[in-house]
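K.L.:
Take a look at the following structure, please.
The values are calculated or read from the model by the stated rules, or taken from the named source; none is laboratory data. Predicted model, so just to flag it, every value in this text is computed and none were measured. Cβ placement follows ideal geometry from the backbone for every residue including glycine, while neighbour counts extend to all protein chains displayed. Just so you know, the surface numbers come from the protein's heavy atoms only, side chains and all, with ligands and any DNA or RNA stripped out. Shrake-Rupley method; radii C 1.70, N 1.55, O 1.52, S 1.80 Å.
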Amino acid sequence: MELEAAATAQLEANWREGVTRAGVPYAFTCPSARRYRHQWLWDSCFHAIAWARVRPERARAELRTLLRAGRPDGFVPHTTFWDAPPRWRRAPLYATPTFRRPLATCSIQTPLLAFAWERVALASAAEAPGFAAEALGPLQAHADWLERERDPDHDGLIAILLPDESGLDDSPKYDPVYGALAHHRPGYLRLLRRCRALGWDSRAILAGTDEHVEDVLVNVAHALSLGALARLLRRAGDAAAARRYAQRAQRTADALMDRCWDERRGLFFDRAGRREWPVEISTWSSLAPLALGAAIPAAIRLRLVEEHLLDPRRYRARYGIPSVAMDEPSFRPGFDRFRTWRGPSWVNAAWLLVGGLDALGLGTEGDRIAAGLAAAVSRHGFREYYHPHTGAGIGAAGFGWSTLVADLAAGRQGPPPGAPA
Ligand code: GLC
């Protein structure tokens with residue numbers, strides 16, 4: 001089957017809709033029918049972007065469902081269970097308030113919601129022109145919640161409390177920060193217990209513990225969303241609010257430059273704990289500011305590309321972009337039953353970074369990456385991730401956001417919009 005048709009068929013197979021026992025309607029794409037049955041925040045953002053090209057009404061429904069899972073104060077959960085409560089074996093691993101039929105987690109995930117909303121609004125312009133402005137209030141509340149609760153030191157960078165709040169659950173960059181409390185270790189249950197005991201009060205957790213991270217990827221997503229929100233507000237005629245959010249987008253990009261850029265290594269590194277020490281491990285998150293386009297100086301983006309992304313010893317692999325630099329001692333390209341994001345290539349990472357290559361006029365390299373992933377997908381289907389050397393499909397099957405490969409291969413209409421509005 002042609003890639004585009006196969007991608008649509010996969011999204012269709014993963015589509016779930018219904019009404020909860022409390023009468024709340026939902027509609028979303030589950031990441032993988034067997035392994036991941038719930039709604040995940042950043043997965044849904046990527047699913048909506050993939051749906052937008054073929055069935056924008058599905059994309060709109062998916063993003064509206066995400067907001068419906070949130071609270072009036074602007075919090076939007078990492079995972080929402082809707083009609084499928086977690087099974088007893090996995091339930092303890094979710095960051096829920098209690099174990100008794102929780103509807104959602106108390107944790108967040110990489111905040112791409114407004115970014116996805118803008119893309120879906122653009123694709124909906126003809127058939128649903130009102131979509132662009134219909135959630136400006138909740139989207140602003142969401143951005144404000146993140147800054148109020150997750151940036152209490154006002155340095156322009158929001159913090160994550162759990163490693164999986166970035167979506168990069170077991171990345172080796174979290175090993176030195178979380179130690180025995182890391183996502184793949186039994187101590188993770190202790191980390192969750194501690195957060196529960198502190199009532200998921202972000203400020204108390206940030207002030208009283210050292211296992212938290214100002215994460216580069218999460219802040220790139222935050223800046224992308226702030227920039228998208230600014231453009232949505234401007235289009236709706238609210239110039240003053242648009243200016244404020246555009247400034248906040250640039251402030252986050254500047255904070256990444258001031259606090260996370262390592263001039264010597266030519267990479268962006270997370271800052272961890274109360275001392276905000278730099279975590280000097282090269283993962284694809286270190287390259288993620290590429291996606292911010294002109295909000296980051298071109299010379300810096302070029303260094304990311306020339307010294308890392310296109311270096312065959314580091315990230316220039318045959319299939320996709322490895323999630324960890326190939327010259328890192330922790331790099332593992334193959335399957336690990338208990339750990340993700342420690343080497344294999346993921347389609348969403350390539351999708352974000354290829355836009356950054358396009359913006360630098362390096363679209364032919366973007367084409368090469370897209371073609372490698374398309375070859376892996378046509379051989380092995382839409383898998384959770386791929387072996388960067390052999391292209392073998394690994395992890396969950398029928399994986400939703402891997403359908404973005406169709407967008408990468410055929411539909412690249414220039415870079416994803418960067419942060420500045
Ligand atoms: C895995 C991934 C995470 C994703 C989730 C659902 O846990 O690490 O990023 O959101 O699966 O697909």
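K.L.:
Which condition from (1) open to solvent by less than 10 Å² (accessible area, probe 1.4 Å); (2) in contact with a helix residue (DSSP H, G or I) (Cβ under 6 Å, 6 or more places away or on another chain) is the one that residue 246 breaks?
P.N.:
It is condition (1) that residue 246 fails.
K.L.:
State whether the residues of the range 398-406 include one that is more than 16 Å from the ligand (Cβ to nearest atom) and at pLDDT 95 or above.
P.N.:
yes
K.L.:
Between 187, 199, 179, which is small (Gly, Ala, Ser), within 14 Å of residue 107 (Cα to Cα) and free of Cβ contacts under 8 Å to residues at least 40 places away in the same chain?
P.N.:
None of the others qualify; the one that does is 199.
K.L.:
Six or more apart or on different chains, Cβ atoms under 8 Å: show the pairs whose first residue is in the range 76-88 and farther than 14 Å from residue 64 by Cα and whose second is within 15 Å of the ligand (Cβ to nearest atom) and of a type in the set (Val, Ile, Thr).
P.N.:
Pairs found: 78/105; 78/108; 79/105.
K.L.:
A further question on this structure: Which one is farthest from residue 226 (Cα to Cα) among residues in the range 85-142 that are among the polar types (S, T, N, Q) and open to solvent by less than 20 Å² (accessible area, probe 1.4 Å)?
P.N.:
96
K.L.:
Just to be sure I understand, how many residues within the range 285-300 are within 16 Å of residue 262 (Cα to Cα), surrounded by 24 or more Cβ atoms within 10 Å (Cβ to Cβ) and not β-branched (Val, Ile, Thr)? Working first, answer last.
P.N.:
Step one: filter the range 285-300 for residues within 16 Å of residue 262 (Cα to Cα), giving 285-290, 296-300.
Still in the running and surrounded by 24 or more Cβ atoms within 10 Å (Cβ to Cβ): 285-290, 296.
Going one step further and asking which of them are not β-branched (Val, Ile, Thr), we end up with 285-290.
Count: 6.
Here's the yes/no breakdown for (1) of a type in the set (A, V, I, L, M, F, W, C); (2) open to solvent by less than 10 Å² (accessible area, probe 1.4 Å); (3) within 15 Å of the ligand (Cβ to nearest atom):
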{"site": "175", "(1), (2), (3)": "no, no, no"}
{"site": "186", "(1), (2), (3)": "no, no, no"}
{"site": "195", "(1), (2), (3)": "yes, yes, no"}
{"site": "200", "(1), (2), (3)": "yes, no, no"}
{"site": "205", "(1), (2), (3)": "yes, yes, no"}
{"site": "210", "(1), (2), (3)": "no, no, no"}
{"site": "214", "(1), (2), (3)": "no, no, no"}
{"site": "217", "(1), (2), (3)": "yes, yes, yes"}
{"site": "224", "(1), (2), (3)": "yes, yes, no"}
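K.L.:
Can you tell me which of (1) over 22 Å from residue 378 (Cβ atoms); (2) at pLDDT 95 or above; (3) touching a strand residue (DSSP E or B) at 6+ places or on another chain (Cβ under 6 Å) is the one residue 83 doesn't meet?
P.N.:
Condition (2) is where residue 83 drops out.
K.L.:
Taking the options 36, 26, name whichever one is open to solvent by 10 Å² or more (accessible area, probe 1.4 Å), under 17 Å from the mean Cα position of the chain (by Cα) and in contact (Cβ under 8 Å) with a residue 12 or more places away in the chain.
P.N.:
On inspection, the qualifying residue turns out to be 36.
K.L.:
Which residues, taken from the range 274-284, are open to solvent by less than 10 Å² (accessible area, probe 1.4 Å) and of a type outside the set (Ser, Thr, Tyr)?
P.N.:
Of everything in the range 274-284, those that are open to solvent by less than 10 Å² (accessible area, probe 1.4 Å) and of a type outside the set (Ser, Thr, Tyr) turn out to be 279, 284.
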